[in-house]
Amino acid sequence: MFSSFYKIESVVKKSLASILAVIAISTLAFSQSSNQSTVNISLTVMQTLSITEIGTLNFGTAYSGYAVPPVNPKTASNIPLFTVSGEPNAAISIPLSFNSTTVPFTPTVSGNQTNDQAGSTTLTLGTVSENLSSAGSGNLTGNYFLWLGGHVNNDNPLPSIPSGVYNGTYTVQVDY
């Protein structure tokens, strides 16, 4: 009976020693310095920027040797109107550059936050920064309006060129 008791005591001592060793190792592991930091995450979602065009730029009929009258974007009718729509009050960038067409064309562009052609401001070629209008009257988008006019051959008489219809293209781009 003594020997059984001695065996139990030995097993208990060994178990107790093992438990103390595990506790000591755990304490060492957890006693090391640790630190943490919280990072805030943010995301701003904006409406897609879109641009629509209504109308075309037509200089009418011209004659070789005569100047083509310029088209004023603040006063002319039948010129293209571009409506830019997106996040209200957001800043937009309008890189105003145009490719040369068969007949030299120099654009004149005016813009406004409201659809008021006569009250629009003439914009300088290059990159222009403007803001979309604030949303209002149930409208959930901001707008900016652009009118395109210009002149052909820098207002000089047209050179002697063959009769025909001369077409060109232009690209109007807007970015946030």
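The values are calculated or read from the model by the stated rules, or taken from the named source; none is laboratory data. No experiment lies behind these values; they were computed from the predicted model shown. Here the Cβ is made from the backbone with ideal geometry for all residues, glycine too, and neighbour counts use every protein chain on show.
Only residues that are within 17 Å of Thr52 (Cα to Cα) and not in a strand (DSSP E or B) were counted across the range 141-176, and they come to 8. So Asn112 passes all but one of these: (1) over 30 Å from Ala67 (Cβ atoms); (2) under 19 Å from the mean Cα position of the chain (by Cα); (3) modelled with pLDDT of 85 or more; (4) not aromatic (Phe, Trp, Tyr). Which condition number does it fail? Going through the list (1) over 30 Å from Ala67 (Cβ atoms); (2) under 19 Å from the mean Cα position of the chain (by Cα); (3) modelled with pLDDT of 85 or more; (4) not aromatic (Phe, Trp, Tyr), Asn112 breaks only (1). The conditions of being closer than 30 Å to Thr44 by Cβ, surrounded by 13 or more Cβ atoms within 10 Å (Cβ to Cβ) and not acidic (Asp, Glu) are met by Leu96.
One line per residue, one yes/no per condition, for (1) out of contact with any Pro (no Cβ under 6 Å at 6 or more places or on another chain); (2) of a type in the set (A, V, I, L, M, F, W, C); (3) surrounded by fewer than 10 Cβ atoms within 10 Å (Cβ to Cβ); (4) at negative phi:
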position: Thr38; (1), (2), (3), (4): yes, no, yes, yes
position: Met46; (1), (2), (3), (4): yes, yes, no, yes
position: Ser64; (1), (2), (3), (4): yes, no, no, yes
position: Thr83; (1), (2), (3), (4): yes, no, no, yes
